[in-house]
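Colleague: Submitted below is the structure of interest, expressed as structure tokens.
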Amino acid sequence: MKIKFILPALEESKSPYWRPIKYSLFPPLGLATLASLCSESDEIEIVDEHVEKINLDDEPDLVCIESYITNAHRAYEIADSYRKRGIKVAIGGIHATSMQSEAKKHADVVLLGLGEASFPKFLSDLRAGKALEVYEQGEVSLDGLPLPRRDLFKKDKYLVPNSMVFSRGCPNKCSFCYVNSFYKNGKSFYAYKIDRILEEIESMPGKHLYFLDDNLFADKKLSKEIFREMRGMKKVFQGAITIDSVFDNETIELAYEAGFRSAFIGFESINEMSLVNANKRSNLGQDYSKAIKRLDELGIMINGSFIFGLDNDTKDVFDRTTEWAIKSGIATATNHILTPYPGTVIYEQMKKDNRILTDDWRLYDTRHLVFKHPNISKEEMEAGYNRAYENFYKWGNIVKCSGNHEELGMKLKHLTYAGTWKKFEPVWNFLIKNEKLFKARGMLVKTLK
């Protein structure tokens, strides 16, 4: 069977704010995982519309499309195009799981939740001519799964081809989190066995690795095992952690010894009451400054994630947050306007309270306000969001922010990393256009070390 896996372009990749490098970081790991569950006799292709054009005139036997909220419109266009010619289309992913009825209008088959159990069942049914319209997630086990089909990636089109996960989901239940809508009716966290994890790490060449797990330290016992085993591998890696995990000295120190050099942390808000309302339990009662100082002492940079638009926020939240991030020595900032994704607790509550302004999913990109805020207008919210980014990444503030580290090495690392990431757009665009991103990987490793 000829199977084509497609990741449609996110809506934001078409906007004037689009940074090509942001969408050329990681290959579609989820699709490579599903591809590994196909038969050896299947002819398989993975197409990522962020880095290449999709040929919609070909004749696969099956098209499998991964859906997120802001690529849903494009996903449905692609699906409709194939179905008009009688080609079978299956849609899965977070958005299809959250909006099953909507997805069914554009697909022959909708795959809900994780696909490790349901996807092989679907393929078996399809070959037998008795495929269902909807496949539930079913009982999921990560034991015995093959490695993702990384051989199907166009690796030269990505800055970080070596990305992986050793767990799925997150034990935390933040009310705004899109991931939680994927794990509504049962277990919300799964992990591979240690031997399988090490096998995957060792299968990837090169020194740099990015863990895409929602929470790298969610299972601390497993994390410690991994880091102990990685100490001799001479890898340099990045990943997402929570504030509370920074205070587990053994875990964070083992991570550093294994090569952990850059942490993505969801600070979300510097307002304690906003954290309470968002059910961000891992941040409650935590000393942000102490956590930042601990990471700085170890030599781990921070990519801080912030949310604007929680109900307690007022018009000064943008400037206050930016000033705090600069003063704290946050290397890079990822800002978001609060977005009530369908399937989340906050969406259901806002829908009930008649606060949702639009269900045009193309606007659910965390850059637009899509609900009624009690204190900030749509114009003020979006202007404040843009101003926060602009101010944080001014050269003067990058220099000022990098100067807030104690050690000279961290000052220089911060300055190089933040400056290169945000201030050399023409260089990144040239590398992407000429398929030379691989030339930047060595520099990335040197900066992180």
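Colleague: Can you say whether residue 25 is closer than 26 Å to residue 104 by Cβ and in contact (Cβ under 8 Å) with a residue 60 or more places away in the chain, as far as the supplied structure shows?
Modeller: No, not satisfied.
Colleague: What are the pairs, 6+ residues apart or on separate chains, where a residue within the range 228-248 that is more than 10 Å from residue 217 (Cα to Cα) has its Cβ under 8 Å from a residue that is of a type in the set (Phe, Trp, Tyr) and part of a helix (DSSP H, G or I)?
Modeller: 243/288
Colleague: Kindly indicate the residue of the range 311-325 that is crowded, with 21+ Cβ neighbours inside 10 Å and β-branched (Val, Ile, Thr) and also nearest to residue 396 (Cα to Cα) among those meeting that condition.
Modeller: The residue in question is 322.
Colleague: Could I ask something else about it? Tell me, yes or no, whether the range 105-127 has at least one residue that is out of contact with any Leu (no Cβ under 6 Å at 6 or more places or on another chain), farther than 26 Å from residue 50 by Cβ and assigned to a loop (DSSP other than H, G, I, E, B).
Modeller: yes
Colleague: When you scan the range 420-432, do you find a residue that is of a type outside the set (S, T, N, Q), in contact with a strand residue (DSSP E or B) (Cβ under 9 Å, 6 or more places away or on another chain) and outside the structural domain of residue 51 (by TED's automatic domain parsing), even just one?
Modeller: The answer is yes; a qualifying residue exists.
Colleague: When residue 387 is evaluated against the numbered criteria (1) touching an Asp or Glu at 6+ places or on another chain (Cβ under 8 Å); (2) surrounded by fewer than 16 Cβ atoms within 10 Å (Cβ to Cβ); (3) in a loop (DSSP other than H, G, I, E, B), which criterion, by number, is the only one it fails?
Modeller: (3)
Colleague: Condition (residue is among the β-branched types (Val, Ile, Thr) and at pLDDT 95 or above) applied to the range 171-187: is it met by at least one residue?
Modeller: Within the range 171-187 (the criterion being among the β-branched types (Val, Ile, Thr) and at pLDDT 95 or above), the answer is no, since none of the residues qualifies.
Yes/no per residue for (1) in contact (Cβ under 8 Å) with a residue 24 or more places away in the chain; (2) of a type outside the set (Phe, Trp, Tyr):
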{"position": "293", "(1), (2)": "no, yes"}
{"position": "297", "(1), (2)": "yes, yes"}
{"position": "313", "(1), (2)": "yes, yes"}
{"position": "324", "(1), (2)": "yes, no"}
{"position": "334", "(1), (2)": "yes, yes"}
{"position": "339", "(1), (2)": "yes, yes"}
{"position": "359", "(1), (2)": "no, yes"}
{"position": "369", "(1), (2)": "yes, yes"}
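Colleague: Quick check: anything in the range 291-307 surrounded by 22 or more Cβ atoms within 10 Å (Cβ to Cβ) and farther than 30 Å from residue 253 by Cα?
Modeller: No: the range 291-307 contains no residue that is surrounded by 22 or more Cβ atoms within 10 Å (Cβ to Cβ) and farther than 30 Å from residue 253 by Cα.
Colleague: Okay, moving on. Being surrounded by fewer than 18 Cβ atoms within 10 Å (Cβ to Cβ) and not in a loop (DSSP other than H, G, I, E, B) is the filter; apply it to the range 17-28 and report the residue that is farthest from the chain's Cα centre (by Cα).
Modeller: The extreme case among them is 20.
Colleague: How do the pairs read when you match residues in the range 29-46 that are closer than 12 Å to residue 61 by Cβ and in contact (Cβ under 8 Å) with a residue 12 or more places away in the chain with residues anywhere that are crowded, with 20+ Cβ neighbours inside 10 Å and small (Gly, Ala, Ser), using Cβ under 8 Å and keeping only pairs 6 or more apart or on different chains?
Modeller: 44/35
Colleague: Can you tell me which residue is nearest to residue 117 (Cα to Cα) among those in the range 34-85 that are in a loop (DSSP other than H, G, I, E, B) and of a type in the set (S, T, N, Q)?
Modeller: By that ranking, first place goes to 36.
Colleague: Here's a follow-up. Tell me, which residue of the range 139-159 that is in contact with a helix residue (DSSP H, G or I) (Cβ under 8 Å, 6 or more places away or on another chain) and among the hydrophobic types (A, V, I, L, M, F, W, C) is surrounded by the fewest Cβ atoms within 10 Å (Cβ to Cβ)?
Modeller: Across the range 139-159, the extreme among qualifying residues is 145.
Rundown of residues vs (1) polar (S, T, N, Q); (2) touching a Pro at 6+ places or on another chain (Cβ under 9 Å); (3) over 27 Å from residue 427 (Cα atoms), yes/no style:
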site	(1), (2), (3)
10	no, no, no
20	no, no, no
24	yes, no, no
27	no, yes, no
30	no, yes, yes
51	no, yes, no
55	yes, no, yes
63	no, no, yes
72	no, yes, yes
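Colleague: Among the candidates 90, 107, 75, single out the residue that is touching a residue at least 40 places away in the same chain (Cβ under 8 Å) and farther than 21 Å from residue 13 by Cβ.
Modeller: Every option except 107 fails the conditions.
Colleague: Follow-up. Looking at (1) assigned to a helix (DSSP H, G or I); (2) of a type outside the set (Val, Ile, Thr); (3) more than 25 Å from residue 333 (Cα to Cα), can you tell me which one residue 234 breaks?
Modeller: Among (1) assigned to a helix (DSSP H, G or I); (2) of a type outside the set (Val, Ile, Thr); (3) more than 25 Å from residue 333 (Cα to Cα), the lone unmet condition for residue 234 is (1).
Colleague: I'm trying to understand the selection: among the residues of the range 215-271, which are within 27 Å of residue 442 (Cβ to Cβ) and among the hydroxyl-bearing types (Ser, Thr, Tyr)?
Modeller: Correct list: 256, 262.
Colleague: So if I check each of 410, 381, which one is surrounded by 18 or more Cβ atoms within 10 Å (Cβ to Cβ), over 25 Å from the mean Cα position of the chain (by Cα) and not in a loop (DSSP other than H, G, I, E, B)?
Modeller: Answer to the check: 410.
Colleague: Another question, then. Need the failing condition index for residue 101 against (1) part of a helix (DSSP H, G or I); (2) at pLDDT below 95, just the number.
Modeller: Among (1) part of a helix (DSSP H, G or I); (2) at pLDDT below 95, residue 101 violates only (2).
Colleague: Here's another thing I want to ask about it. So which residues in the range 434-449 are in contact with a helix residue (DSSP H, G or I) (Cβ under 9 Å, 6 or more places away or on another chain) and within 18 Å of residue 27 (Cβ to Cβ), if there are any at all?
Modeller: 435, 436, 437, 438, 439, 440, 444
This table checks each residue for (1) surrounded by fewer than 19 Cβ atoms within 10 Å (Cβ to Cβ); (2) outside the structural domain of residue 389 (by TED's automatic domain parsing); (3) within 30 Å of residue 335 (Cβ to Cβ); (4) under 16 Å from the mean Cα position of the chain (by Cα).
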{"residue": "15", "(1), (2), (3), (4)": "yes, yes, yes, no"}
{"residue": "39", "(1), (2), (3), (4)": "yes, yes, no, no"}
{"residue": "44", "(1), (2), (3), (4)": "no, yes, no, no"}
{"residue": "90", "(1), (2), (3), (4)": "no, yes, no, no"}
{"residue": "107", "(1), (2), (3), (4)": "no, yes, no, no"}
{"residue": "110", "(1), (2), (3), (4)": "no, yes, no, no"}
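Colleague: Further question on the same structure: Does the range 342-361 contain at least one residue that is under 18 Å from the mean Cα position of the chain (by Cα), surrounded by 16 or more Cβ atoms within 10 Å (Cβ to Cβ), under 25 Å from residue 264 (Cα atoms) and modelled with pLDDT of 95 or more?
Modeller: Taking every residue of the range 342-361 in turn, none turns out to be under 18 Å from the mean Cα position of the chain (by Cα), surrounded by 16 or more Cβ atoms within 10 Å (Cβ to Cβ), under 25 Å from residue 264 (Cα atoms) and modelled with pLDDT of 95 or more.
The values are calculated or read from the model by the stated rules, or taken from the named source; none is laboratory data. Owing to the predicted nature of the structure, the values given are computational and were not obtained by experimental measurement. Counting neighbours? That spans all protein chains shown, and the Cβs are built from the backbone with ideal geometry, glycine included.
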